[in-house]
Amino acid sequence: HNTLEQLFLSHRQIDKEAINKMKKELAEYLSIQFKKLFPDNRHLKGKNKINFYQSKQYILNYLEKELYHLNTNGSYEVLYAEKEFSTTKKFHLHDEILECCFKGKIDRIDSTSCGLRLIDFKTGYVTKSDLTISSIERIKTKHKALQLLFYSMLFLGANKEYNELYANIIALSNTSSPVLDLKFQNDLRINNTHIQLFEKEIQLILEEIISPDIPIFHNETSKFCSFC
């Protein structure tokens, strides 16, 4: 994440020339990030060296795919990278009107010829079905789609001058097709109507969380969070 952030922020206006420069700069930028993790240069040998090489190949593959997409969609501008956004919503929860503040850090926001694009990077494997939502009621079973809709709600809520965007996950380990679109009811554009539907599901989730009648248990197949 940090390597991609620094690469794209160092250029911002992304065209073929910028991507080709990034390919040349990649090893240096990646080395800086690994040295922060391993000041003793442990990333130069053993398993860490493999991780370094794998990370480099994942990013290089993504940059190669970006060159192809530039042929189709043209250049674009990076507006934000690794930036935190927040928005406040009021919900009617258990006979009270509660003001809820939502926060999140979005990996990247681009201004493209096709409109505003929200991007989230993943190192794990992601499929198209993970980001395809036939009905809003299924959103709780589509965690990656939920995350993109949540980020869309944050950005559009904090930036009223925009009324729609489209959202991608860049699955770096999907080497053949790393760019995956969020598709909501066959629509690639996420607008305020979609966000309103999503907010209703957020309200139901919040009702479950704060309800005294619904016990909360740790999922035994999951790891404990750092707070627990």
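The values are calculated or read from the model by the stated rules, or taken from the named source; none is laboratory data. This structure is a prediction, so every number in the text was calculated from the model and none was measured. So basically every Cβ, Gly included, is an ideal-geometry build from the backbone, and we count neighbours across all protein chains shown. In case anyone asks, the SASA skips ligands and DNA or RNA and just uses the protein heavy atoms, side chains included. Shrake-Rupley method; radii C 1.70, N 1.55, O 1.52, S 1.80 Å.
Measure up LYS16/LYS142; LYS35/LYS122; LYS160/LYS183; LYS103/LYS140 against 28 Å on the Cα-Cα distance and list the ones that go over.
LYS16/LYS142
In Å², what does the accessible area per residue of the chain work out to with a 1.4 Å probe?
So the chain comes to 58 Å² accessible per residue, rounded to a whole number.
Viscosity 1.306 mPa s, temperature 10 °C: what is the translational diffusion coefficient of segment 1-124 from Stokes-Einstein with a Kirkwood Rh over Cα pairs, rounded to a whole number of µm²/s?
95
Starting from the Cα gyration tensor of segment 106-228, take the square roots of the eigenvalues, sort them a ≥ b ≥ c, and report rounded, prolate or oblate (rounded when a/c is under 1.5, otherwise prolate if a/b is larger than b/c, else oblate).
Here segment 106-228 falls in the oblate category.
How much length would be gained if the chain were fully extended between LYS45 and TYR162, taking 0.36 nm per residue of separation minus their Cα-Cα distance, in nm to one decimal?
37.4 nm
To the nearest Å, what is the center-to-center distance of segment 7-22 and segment 141-159, using C-alpha atoms only?
26
Can you send over the carbon and sulfur percentage of the accessible area for the chain, probe radius 1.4 Å, protein chains only?
Looking at the chain in its full context, I get 49 percent from C and S.
Label-point separation (nm) for ASN20 and THR175, each offset 7 Å from Cα along Cα-to-Cβ?
2.5
Can you compute the label reach from GLU208? Point 7 Å from Cα along the Cβ direction, backbone N cut-off under 13 Å, restricted to segment 128-147.
137-143, by backbone N distance to the label point.
Could you let me know the centre-to-centre spacing of segment 207-224 and segment 28-107, using Cα atoms, in angstrom?
First find each Cα centre; the distance between them is then 29 Å.
Cα gyration tensor of segment 120-171, axes a ≥ b ≥ c as square roots of the eigenvalues: rounded (a/c below 1.5), prolate (a/b > b/c) or oblate?
Oblate shape, in that a/c is at least 1.5 and b/c is the bigger or equal ratio.
Report Rg/Rh for the chain, rounded to two decimals, where Rg is the Cα radius of gyration and Rh the Kirkwood radius.
A ratio of 1.00.
State whether segment 151-221 is rounded, prolate or oblate according to the following rule on the C-alpha gyration tensor (a ≥ b ≥ c being the square roots of its eigenvalues): a/c under 1.5 gives rounded; otherwise a/b larger than b/c gives prolate, and the remaining case gives oblate.
Cα axes put segment 151-221 in the oblate bin.
Report the accessible area of ILE210, computed with a 1.4 Å probe over the heavy atoms of all protein chains in place, in Å² rounded to the nearest 10.
About 80 Å², rounded to the nearest 10.
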